[in-house]
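Taken together, the values in this text are just the output of simple stated rules run on the coordinates, not laboratory data. Note that the structure is predicted; figures quoted are calculated from it, not measured. Note that each Cβ is placed from the backbone with ideal geometry, even for glycine, and that neighbours are counted across all protein chains shown.
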Amino acid sequence: MKTYSQKPSEISRRWVLFDASELPLGRLATQVATHLTGKYKPTYTPHIDGGDYVVVINAAQAVVTGDKETDKVYYRHSGFPGGIKDASLKEVREKFPERIVEEAVKGMLPKNKLQAERLKRLRVFAGSEHDHTAQTPEKVEVK
């Protein structure tokens with residue numbers, strides 16, 4: 001029996017929809033990362049990007065447990081000396097609620113050449129409305 005290796009011409013992508021207000025942020029991020037990489041498919045091949053398009057809605061109502069609302073800190077650096085800035089989860093939720101989910105998913109993806117391409121297929125929206133109704137994404141139920 002030979003090992004199956006998916007070819008780029010055999011890739012089939014679906015559109016899936018996740019609701020960030022239904023489950024904790026970490027659980028959501030792992031499920032989204034699994035769909036972006038395509039690891040749940042039987043045709044998964046590590047060096048081929050065979051994942052799906054993922055739409056995440058209600059990012060502003062993302063669920064976190066414990067004291068993460070005030071204790072979790074997001075850092076960014078301008079590249080200049082002393083140019084590090086930080087913001088708590090509460091502050092990021094007020095200004096850029098999509099960034100919460102994007103950063104969590106980015107941390108769950110493998111750090112390789114395919115990461116940027118996979119992140120381009122992630123669409124995050126703060127509210128319950130999204131721009132991809134024409135693609136008819138299937139809602140994914142996560143336990």
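Listed values, structure above:
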| read-out | value |
| --- | --- |
| Contour minus Cα-Cα distance for ARG27 and GLN61 (0.36 nm per residue) | 10.8 nm |
| Cleavage-rule hits (chymotrypsin sites (Phe, Trp or Tyr not before Pro)) in region 8-90: DSSP loop, at most 16 neighbouring Cβ within 10 angstrom | TYR40, TYR44 |
| Contour minus Cα-Cα distance for HIS130 and SER9 (0.36 nm per residue) | 40.6 nm |
| Nearest 10 degrees, 0 to 90: helix 97-108 Cα axis against the chain principal axis | 50 degrees |
| Label corresponding to Rg and Dmax of the Cα atoms in Å when calculated from the structure given, among [x] 14.1, 41; [y] 20.1, 65; [z] 16.6, 58 | [z] |
| Violating pairs (Cα-Cα greater than 25 angstrom) within the set LYS113/LYS143; LYS2/LYS120; LYS113/LYS139; LYS39/LYS90; LYS68/LYS143 | LYS113/LYS143; LYS2/LYS120; LYS113/LYS139; LYS39/LYS90 |
| Amide hydrogen neighbours beyond the local backbone of LYS72, cut-off 5 Å, H modeled | LEU89 |
| The chain - mean residue ellipticity at 222 nm from DSSP helices (-39,500 (n - 2.57) per run, n ≥ 4, rounded to 500) | -8000 deg cm²/dmol |
| FRET efficiency for MET1 and HIS47, using Cβ-Cβ distance with R0 set to 22 Å, rounded to 0.05 | 0.60 |
| D (Stokes-Einstein, µm²/s), Kirkwood Cα radius, region 82-130, 1.002 mPa s at 20 °C | 172 µm²/s |
| Alpha carbon centroid spacing (whole Å) that separates region 16-55 from region 105-124 | 10 Å |
| DSSP bridge pairs, region 38-143: antiparallel proportion in percent, nearest 5 | 60 percent |
| Helix axis angle, 25-37 relative to the chain longest principal axis, alpha carbon, degrees | 30 degrees |
| Neighbour-limited loop hits for GluC sites (Glu not before Pro), region 44-143 (at most 12 other Cβ within 10 Å; DSSP other than H, G, I, E, B) | GLU129, GLU141 |
